[in-house]
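To start, the structure under review is shown below, and the notes come after it.
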Amino acid sequence: MPKVTDAHTEARKQQIMDAAKACFAREGFHQTSIQDICQEAALSPGAVYKYFSSKDQIIAASCLECQQGLYEFIKAARSNGNSPLESLDFIINHGLEMLGGEGFREPSMMNVQVWSEAMRSEEIKEALLLVTFDTLGQAFADLFQQAQERGEVDANLDSQALAIELLSKPVEIPFRAIGRSVRGSRDLVDLATL
C-alpha cells in the first residue's frame, strides 16, 4: 500500500472542514451530524473519523484555521509601513468591514456559534481562546507596546490590558459612563488615561 503524503492528508482534512463549515452555516452545529458532513464531503464516516475524532474536533480545527487567516491579515497590516496605532486602526476598520461583507456571512454565522459552543466544550474553548487572545490579543498588545516605545501611548499603561479592552469592545466601543464612543486606537488610549 502506498504511503499517504502530508499534502494528501492536509487536502483531505481541508475537504472535511470545508464540508463541515458548509453544513454548520446551513444547519447550525447542533443540527449537523457527522453523517451530514460525510455526505457533504462525499466521504465515508471512516474516512472522516480517520482525520477527526469528533465534531468538536472539527469545530476546534476551524478555529485554528481562522487563527492562521488572522495571522496573515495582521502581518499584512503591520508590513504596510504605518505607525503602530495606524496599523491597529487598519486591523480594526478593515476587519470589521470584511466581517460585514457578504463574503463573510458564513464565517460570521459560525463565529456566533463557536462562542456559544465554547461554553460547552473545553476543546472548542481552548481553540477559541488561542485564536482570540494568543493571536489577535498578542498582536494588539505588541502594537500598543511599539506605540509606547515611540511615545505615542503613555508608557505607564499596560499594553496587555489595552489589548484586552480593545478585544472586548464591538464595532463602536461605547463608554456610556462618559458619553463618548471610541472609533479607533487613539481614542481608546485617550480614554485609558482619564
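The values are calculated or read from the model by the stated rules, or taken from the named source; none is laboratory data. Remember, predicted model here, so these are calculated numbers, not experimental data. Don't worry about glycine lacking a Cβ; one is built from the backbone with ideal geometry, like all the others, and counts go over all protein chains shown.
With the condition kept exactly as written, say whether any residue in the stretch 96-113 is at pLDDT 80 or above, part of a helix (DSSP H, G or I) and more than 20 Å from residue 163 (Cα to Cα).
Taking the stretch 96-113 and keeping what is at pLDDT 80 or above, we get 113.
Going one step further and asking which of them are part of a helix (DSSP H, G or I), we end up with 113.
Now narrow it down to the ones that are more than 20 Å from residue 163 (Cα to Cα): 113.
Within the stretch 96-113, one or more residues are at pLDDT 80 or above, part of a helix (DSSP H, G or I) and more than 20 Å from residue 163 (Cα to Cα).
Look at the stretch 27-56: where a residue is part of a helix (DSSP H, G or I), no partner that is surrounded by 12 or more Cβ atoms within 10 Å (Cβ to Cβ) and among the aromatic types (Phe, Trp, Tyr) sits 6+ places away or on another chain with Cβ atoms under 7 Å. Collect the residues in the stretch 23-68 that are of a type in the set (Phe, Trp, Tyr) and under 14 Å from residue 13 (Cα atoms), keeping them in residue-number order. Selection gives 49, 51, 52. Report, by residue number, each residue of the stretch 1-26 that is surrounded by 12 or more Cβ atoms within 10 Å (Cβ to Cβ), without any contact (Cβ under 8 Å) to a residue 12 or more places away in the chain and of a type in the set (D, E, K, R). Of everything in the stretch 1-26, just one residue is surrounded by 12 or more Cβ atoms within 10 Å (Cβ to Cβ), without any contact (Cβ under 8 Å) to a residue 12 or more places away in the chain and of a type in the set (D, E, K, R), namely 26.
Does the stretch 30-61 hold any residues that are within 18 Å of the chain's Cα centre (by Cα) and either acidic (Asp, Glu) or at pLDDT below 85 (or both), and which are they?
Narrowing the stretch 30-61 to residues within 18 Å of the chain's Cα centre (by Cα): 56-61.
Across the stretch 30-61, the qualifying residue is only 56.
Scanning the stretch 57-95 for residues that are outside any helix (DSSP H, G or I) and either within 27 Å of residue 168 (Cβ to Cβ) or of a type in the set (A, V, I, L, M) (or both) returns 79, 80, 82, 83. From the residues in the stretch 69-81 that are at pLDDT below 80 and either surrounded by 14 or more Cβ atoms within 10 Å (Cβ to Cβ) or outside the structural domain of residue 154 (by TED's automatic domain parsing) (or both), which one is farthest from the chain's Cα centre (by Cα)? The residue in question is 71. Residues in the stretch 135-157 that are in contact (Cβ under 8 Å) with a residue 60 or more places away in the chain and within 18 Å of the chain's Cα centre (by Cα) were compared, and the one that is farthest from residue 84 (Cα to Cα) is 135.
Quick check on residue 87: is it modelled with pLDDT under 80 and out of contact with any Pro (no Cβ under 7 Å at 6 or more places or on another chain)? No: the conditions fail for residue 87.
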